[in-house]
Amino acid sequence: MKRIDKENYYLDIAQAVLGRATCLRKCYGAIIVRNDEVIATGYNGAPRGRKNCVDLGICTREELKIPSGQRYELCRSVHAEANAIISAARRDLLGATLYMACVDPNTGELVPGTTSCAMCRRLIINAGISRVVIRNTPTEYSVVHVEDWVREDDTVAEPL
């Protein structure tokens, strides 16, 4: 048997975590690793004590036909990356890597080319995480260096 590489090992764990996601649109799982130790995990779902979309049977953003990547304030869920960051102390996140996987809940298929939303990017930057590794296929992934998100700040509006 061929030994799995570390990146795919951690991505497999992130993919297992997304099995707890409660979103009707996309299911995300995230883990944070530092010095070969899993620090925290997170998946997307409603805040503790609130009803999940899967329990209600509706997605507000879907009902309103809001395109992917827009109007997150209407979403019931806390994102996987945010939930993982919330579960850890910042001192443990400095220089860590966040691994993330996403599947379509309707097909169970991986969604290649996913990335963190602008708000989660801000959380990742402030947490001190240095890399984000995103699963594209069962063995292929993309690596984002968080310093690129800092340098290429796309959230600041251009002056008129």
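The values are calculated or read from the model by the stated rules, or taken from the named source; none is laboratory data. Here the structure is a predicted model, which means the values were calculated and not measured. We work out accessible area using only protein heavy atoms, side chains counted, and drop any ligands, DNA or RNA first. Shrake-Rupley method; radii C 1.70, N 1.55, O 1.52, S 1.80 Å.
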Computed over region 1-72, protein heavy atoms only, probe 1.4 angstrom, the accessible area per residue in square angstrom equals 66
Based on Cα positions only, what radius of gyration and what Dmax would you give for region 75-160, in angstroms? 14.0, 45
For region 6-72, alpha-carbon Rg over 2.2 N^0.38 Å: 1.31
Taking Cα atoms only, Rg over Rh for the chain with Rh from the Kirkwood formula is 0.97
Pick from GLU37, GLU81, GLU73: which residue has the top mean-square fluctuation in a GNM of the chain where Cα pairs under 10 Å get a spring? GLU73
Expected max-MSF residue from ARG131, ARG34, ARG50 in the GNM of the chain (alpha carbon, under 10 Å) is ARG50
Please give the calculated 222 nm ellipticity per residue for the chain, where each DSSP H segment of at least 4 residues contributes -39500 (n - 2.57) and the sum is spread over every residue; nearest 500 deg cm²/dmol? -7000 deg cm²/dmol
